[in-house]
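Engineer: Dropping a structure here in structure tokens format, bear with me for questions.
The values are calculated or read from the model by the stated rules, or taken from the named source; none is laboratory data. What you see is a predicted model, and the numbers here were worked out from it, not measured in a lab. Here the Cβ positions follow ideal geometry from the backbone for every residue, glycine too, while neighbour counts run over all protein chains shown. All accessible areas refer to the heavy atoms of the entire protein, side chains included, with ligands and DNA or RNA removed. Shrake-Rupley method; radii C 1.70, N 1.55, O 1.52, S 1.80 Å.
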Amino acid sequence: METVIAPMQGTVVLVSVSPGDQVAAGQQLVVLESMKMEHVVASAIASRVGEISVTAGETVRRDQVLVTIEPGVVAAPHTDHIEQVDNGIRPDLAEVLARRAAGKDINRPEAVERRHREGRRTARENVEDLCDPGTFVEYGGLVVAAQRQRRSMEELVDKTPADGMVAGIAEINGRESVVVAYDATVLAGTQGFYNHAKKDRMFELAARRKLPVVLFAEGGGGRPGDTDVPLVAMLDAPAFSLFAKLSGLVPLVGVVAGRCFAGNAALLGCCDVIIATADATIGMGGPAMIEGGGLGVVAPEDVGPLSVQEPNGVVDIAVADEAAAVRVAKKYLSYFTGTGADWSTVDQERLRNVVPENRVRAYEVRQVIDGIADVDSVLELRPRFGMGILTALIRIEGRPMGLIANNPGHLGGAIDRDAADKAARFMQLCDSHGLPIVSLCDTPGFMVGPESEKTATVRHFSRLFVTGANLTVPMCAVVLRKAYGLGAMAMFGGGAKIPYATVAWPTAEFGAMGLEGAVKLGFRRELDAITDPVRRKETLENMIAMAYERGKALNAASMFEVDDVIDPVDTRRWIAAALPKEVARANRPNVDTW
């Protein structure tokens with residue numbers, strides 16, 4: 001007969017212990033049904049036992065292990081709190097429950113303690129934090145490493161639970177998602193045979209059901225020690241292709257803490273967004289591979305630290321630790337779950353004074369973004385890479401959107417190679433997942449000159465035109481100040497009439513190129529004909545003043561080159577009105593990894 005603890009009216013939690021059984025301190029009791037504990041029931045256990053290690057209000061999940069605090073004897077059932085079940089736990093079920101429990105953190109105290117000592121969380125702790133409570137269903141939890149020829153089954157169960165990967169389906173922010181987490185406490189999070197098979201299974205399910213995927217990628221790459229299967233190099237493993245095919249189909253989020261090398265890094269690099277902790281090191285080859293290739297001996301921390309991988313664009317968002325990484329992952333996924341009901345704004349009159357009246361003074365464009373977006377809705381991606389353009393996910397009136405903005409604090413807002421790549425890739429991301437795009441324009445144009453051309457800007461800059469011309473999602477453009485030449489056209493998706501609305505603030509100015517340069521170039525013959533240098537300078541200044549007058553926003557609107565010049569206070573209203581409420585996703589084959 002089995003003790004049945006019933007903390008809530010009409011529901012029960014079955015625990016694998018029978019009346020009269022001796023209960024030792026620290027003994028594990030396995031929960032057979034999920035529920036919320038209204039109060040901890042000690043009446044099911046003799047007074048000497050005290051209580052089990054779960055508190056009132058805590059949610060207990062199926063297969064969770066509860067631990068007794070004090071030794072004692074399980075009392076006979078009390079009819080007011082306990083039911084009795086005629087059929088006890090059969091040996092076959094008990095064997096399964098014991099095997100499953102063996103892989104849980106509570107039964108691996110040394111591995112967990114070592115992980116915590118390093119200042120990191122376990123894979124299961126990250127998964128539990130990421131997923132909505134009680135929703136995670138694990139696939140392949142009973143798998144062990146393919147090393148039966150080298151180890152006993154007892155050792156495999158003890159040392160290689162789940163073959164180093166926690167995988168399953170759960171709800172995140174209320175949306176079903178696939179979660180795949182390498183377990184660095186098991187064979188250093190390496191990719192084993194059954195580990196690969198689990199990934200194949202999860203990636204196929206993600207494609208079939210169109211579920212987002214969150215990948216915790218910490219680990220050392222391929223594992224050479226699996227001996228149970230006839231393999232040479234396992235180059236026919238489908239996991240990498242299956243995962244890459246998900247790009248553009250579903251959101252892909254990569255999270256990395258600690259070391260991430262080789263195959264783990266290859267999967268990470270396929271993700272739409274990479275979130276990395278301060279201690280992360282990411283490389284296509286780890287120290288062993290580097291040394292084996294005759295490239296010297298290096299420490300793992302020197303292969304690809306955050307100080308390298310953030311400014312070079314590999315890492316989208318840097319965070320302090322895994323707890324912060326999980327919070328950011330959940331926030332990122334929230335932009336793909338539809339319109340939020342609750343939102344607020346800052347005082348919109350602040351926007352009137354963000355752009356200085358003095359046209360040569362720089363300003364912080366993030367103040368514009370924070371003013372336009374709903375409060376606490378901005379998630380900036382790749383802030384230390386391609387800093388001439390900012391890319392961010394935002395919400396306006398609860399609706400998720402993507403945003404690109406020139407940064408006048410970097411090269412005066414000029415677009416260089418990295419900024420072009422960053423913006424083009426971000427527009428692909430928005431297009432793939434049906435997010436309309438807001439473009440804040442303040443650029444003197446593309447970065448030009450001999451040094452710039454050494455970086456292949458002709459090809460990189462044209463990515464903006466090709467991407468913009470093939471967008472499915474709508475765009476709304478707002479000119480804050482400079483809108484000059486090809487750079488401005490690129491910020492408009494190809495031209496000022498491409499966006500669903502192109503409006504300007506009163507501070508905006510327009511030109512085919514920088515206005516002073518345009519005057520000097522276009523009127524060189526007339527200026528050269530003036531022999532008096534004082535008069536030539538006065539004439540030049542007058543021409544430049546006329547050019548600015550001709551290029552100001554009001555004049556551009558009078559010729560209908562833009563749709564309107566607006567009070568900055570009305571920016572949100574214009575964006576909300578211009579962008580359709582329903583936005584179709586593009587049929588894009590993938591999102592560029594770069």
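Engineer: Hey, can you rank 587-593, 160-166 by average C-beta count inside 10 Å, highest first? It would help to have the intermediate numbers written out before the result.
Structural biologist: Details: 587-593: 14.7, 160-166: 27.0.
Listed from highest to lowest mean packing, they are 160-166, 587-593.
Engineer: With charges set only on the Cβ (+1 for Lys and Arg, -1 for Asp and Glu), what does the dipole of the chain come to about its Cα centre, in debye to the nearest 20? Don't jump to the answer; show the numbers that get you there.
Structural biologist: Working: 63 positive and 76 negative charges, 353 e Å.
Approximately 1700 debye in magnitude.
Engineer: Grab the Cα-Cα distance for E291 and I530, subtract it from 0.36 nm times how many residues apart they are, and report the gain in nm with one decimal. Display every interim value, and only then the final one.
Structural biologist: Numbers: separation 239, 0.36 × 239 = 86.04 nm, distance 6.99 nm.
That works out to 79.1 nm of additional length.
Engineer: Running Debye on region 493-594 with equal point scatterers at the Cα sites and no solvent, what base-10 log of I(q)/I(0) appears at q = 0.17 Å⁻¹?
Structural biologist: -0.88
Engineer: So what is the calculated 222 nm ellipticity per residue for the chain, using -39500 (n - 2.57) for each DSSP H run with n of 4 or more, over all residues, to the nearest 500 deg cm²/dmol?
Structural biologist: The helix contribution divided over the chain gives -9000 deg cm²/dmol.
Engineer: In angstroms, what radius of gyration and Dmax does region 124-166 have, counting Cα atoms only?
Structural biologist: Computed over the Cα atoms of region 124-166, radius of gyration and Dmax are 12.8, 39 Å.
Engineer: Also, I was wondering about something else. Carbon and sulfur together cover what percent of the accessible area of the chain at a 1.4 Å probe radius? Before the final figure, lay out the partial values.
Structural biologist: Numbers: 14280 of 26800 Å².
Of the solvent-accessible surface of the chain, carbon and sulfur hold 53 percent.
Engineer: Another question, if that's okay. Charges on Cβ only, +1 for Lys and Arg, -1 for Asp and Glu, centred on the Cα centroid of the chain; of V213, G88, V354, which one is farthest towards the dipole's positive end?
Structural biologist: Among V213, G88, V354, the one farthest towards the positive end of the dipole of the chain is V354.
Engineer: So, one more: If you count only protein heavy atoms with a 1.4 Å probe, what accessible area per residue comes out for the chain, rounded to a whole Å²?
Structural biologist: Heavy-atom SASA per residue in the chain reads 45 Å².
Engineer: Hey, another quick one. Once you have the Cα-Cα distance between S558 and K210, take 0.36 nm times their residue separation minus that, and quote the gain in nm to one decimal.
Structural biologist: Result: 120.5 nm gained on full extension.
Engineer: Further question: Roughly speaking, what % of Cα-Cα pairs in region 454-525 are separated by over 19 Å, rounded to a whole number?
Structural biologist: The answer is 44 percent, as a whole percent.
Engineer: Using the alpha-carbon centroid of each, what span in Å lies between region 272-320 and region 201-216?
Structural biologist: Region 272-320 and region 201-216 have Cα centres spaced 26 Å from each other.
Engineer: State, to one decimal in nm², a quarter of the convex hull surface area for the C-alpha atoms of region 380-446, i.e. the direction-averaged projected area.
Structural biologist: That works out to 4.2 nm².
Engineer: If only Cα atoms are counted, what is the Rg of region 253-347, and what is its Dmax, in Å?
Structural biologist: Expressed in Å, the Cα Rg and Dmax of region 253-347 come to 16.3, 60.
Engineer: Sorted by packing (mean other beta-carbon atoms within 10 Å per residue), highest first, where do 477-486, 501-510, 352-361 land?
Structural biologist: 477-486, 501-510, 352-361
Engineer: Right, here's the next one. Can you give the charge dipole size of region 108-175 about its Cα centre, rounded to the nearest 20 debye, using +1 on the beta carbon of Lys and Arg and -1 on the beta carbon of Asp and Glu?
Structural biologist: 320 debye
Engineer: Given 20 °C and 1.002 mPa s, compute D for the chain with the Stokes-Einstein relation, Rh being the Kirkwood radius over Cα pairs; round to the nearest whole µm²/s. Provide the component values of the computation, followed by the final result.
Structural biologist: Details: Rh = 27.4 Å.
Once the numbers are plugged in, D ends up at 78 µm²/s.
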